[in-house]
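Have a look at the structure below, then the notes.
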Amino acid sequence: MTSPSPATDRVSPSGLGFAVSAYVLWGAMPIVFFSLKESGAIEIVAWRIVLSLVFCAILLVFTRGYRRVLAIIRDRKTFWTLGLGGAFVVVNWLIYVYASLNGHIVEASLGYFTNPIVTVLLGVVILRERLRPLQWVALGISALAVLVLSIGYGSFPWIALGLAFSFGFYGLVKKNVGPKADAIGGLAVETAFLAPIAVVVLLVLSADGQLAAGTAGAGHLTLTLFLGAITAIPLILFAAAARRLPLTYMGLAQYLAPILQLIVAVFIFHEAMPPERWLGFAIVWLALAILTFDLFRHSSRTRLGSAAEAPGAP
C-alpha cells in the first residue's frame, strides 16, 4: 500500500508560494496584453502560440523532458486529446486578449470567477456526475447572477461565459489526460497543433503590412518576444503548487487571479462598476462561497473515509 502524499496531509509553504505566484502572474496578464495593443488580439495570440512552443521546446531540451513528449506522441489517444485541448485554449486566449484590449477586463474577471461553477455544471451534463444539494444551490444562484448581469450590462455577458466555458471544457480535456502529460509537455503538444495556423496568420499579417512586432518600437518587440515565457512560467508554478497543496487550497487560490483582474480593471483601467454589476458579482461570490464551503466539508469527510478504508486499498 502506498503512503498518502504529503500534499494531502499538510500545507506546504513553498506550495502556497508557487500557487500565489502563478495566480498573481495570471491576474496581471491584462496589463501585458494592453501594453501590446498595437498588435491586436489575433497577432498577440499567434505570437503567444509560436513563442510558447519555442519556450517549451527549450525547457524540454534542457530538462530532457522531450522523452515525456515522445511518450505523449506515441499514445495516440492522449496526443489527439491534447489537440482538442489546444482548440479550447486558443478560443480562451482570443476572448481574453480581446477583453483586455477593449475595456472588458471586468467581464473577463467575472468569467474566471464563474469558471468553478461552470466546471460543476459540465460535470453534470457531460460526465453525468451527481451533485450534492449545496452544489445545486450554487448553480441556481449562478443562474440568477447571469440574469442580473445581463440586465446590468444591457447585453448577454458572452465574454464572461465564453471564458468560463472554454476553460471549463479545457479542464475536462486535461482531466481526461490526467498524469499522462505534465504541464510543459502538455502545453508543447497543444501549441504544436496550433503553431502551423499561427505561423500562417503572422505571415499574412506581415505580407499585408499589418504586423506590429518589429514596427511598434523596441519595447513592444521585447515584450512580444517574452510572450512564450509569460505564458509558460505561471503554468510551471501552478504545476509545482499542485504537487504540494491539497485540492481545497488550490481551489481557493484560483480566486486570486480574477480578484486581481477586477482590481486592475477598476483601479488601473478605470472600467465602470455600476451598482447592478456589483450586485451581479455579489451573487456570484455568494454562489462561490457556498461551493467552497461544500468543497471543504466534502473534502474533510472524504479524508476521514479514506483513512478508514485505507487498509483495504491495493
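Which semi-axes, in whole Å and largest first, does the equivalent ellipsoid of the range 1-139 have when worked out from the alpha carbon gyration tensor as the square roots of 5 times its eigenvalues?
Listed largest to smallest, the semi-axes of the range 1-139 are 28, 26, 19 Å.
Which three extents, in angstrom, do the Cα atoms of the range 12-304 have along their principal axes, listed largest first?
54, 45, 36
Got a sec? Charge dipole of the chain, +1 on Cβ for Lys and Arg, -1 for Asp and Glu; which of Ile141, Leu70, Phe167 is way out at the positive end?
Leu70
Along the positive direction of the dipole of the chain (beta-carbon charges: Lys, Arg +1; Asp, Glu -1; about the Cα centre), which of Gly185, Phe281, Ile105 reaches farthest?
Checked the options; the winner is Gly185.
At a 10 Å Cβ-Cβ cut-off, how would you order Phe267, Phe113, Phe293, fewest neighbours first?
Phe267, Phe293, Phe113
Mean shadow of the range 209-260, computed from the convex hull of its alpha carbons, in nm²?
Details: hull surface 20.3 nm².
That works out to 5.1 nm².
In Å and from the alpha-carbon atoms only, list the Rg and Dmax of the range 68-174.
16.0, 50
Got a sec to turn the phi values of the range 273-290 into Karplus ³J(HN,Hα) couplings, 6.51 cos²θ - 1.76 cosθ + 1.60 with θ = phi - 60°, whole Hz, x for Gly and Pro?
These are the phi-based 3J(HN,Hα) values: 9, x, x, 5, 5, 4, 4, x, 5, 4, 5, 4, 5, 5, 4, 5, 4, 5 Hz.
Please give the charge dipole size of the chain, origin at the Cα centre, charges +1 on K and R Cβ atoms and -1 on D and E Cβ atoms. Round to the nearest 20 debye.
Dipole size: approximately 1140 debye.
To the nearest 500 deg cm²/dmol, what mean residue ellipticity at 222 nm is calculated for the chain from DSSP H runs of n ≥ 4 alone, each contributing -39,500 (n - 2.57), summed and divided by the residues?
-26000 deg cm²/dmol
The numbers here are math on the coordinates, done by the rules we state, and not lab data. Since we're looking at a predicted model, the values are computed, not measured. All Cβ positions, even for glycine, are placed from backbone atoms using ideal geometry, and neighbour counts span all protein chains on display.
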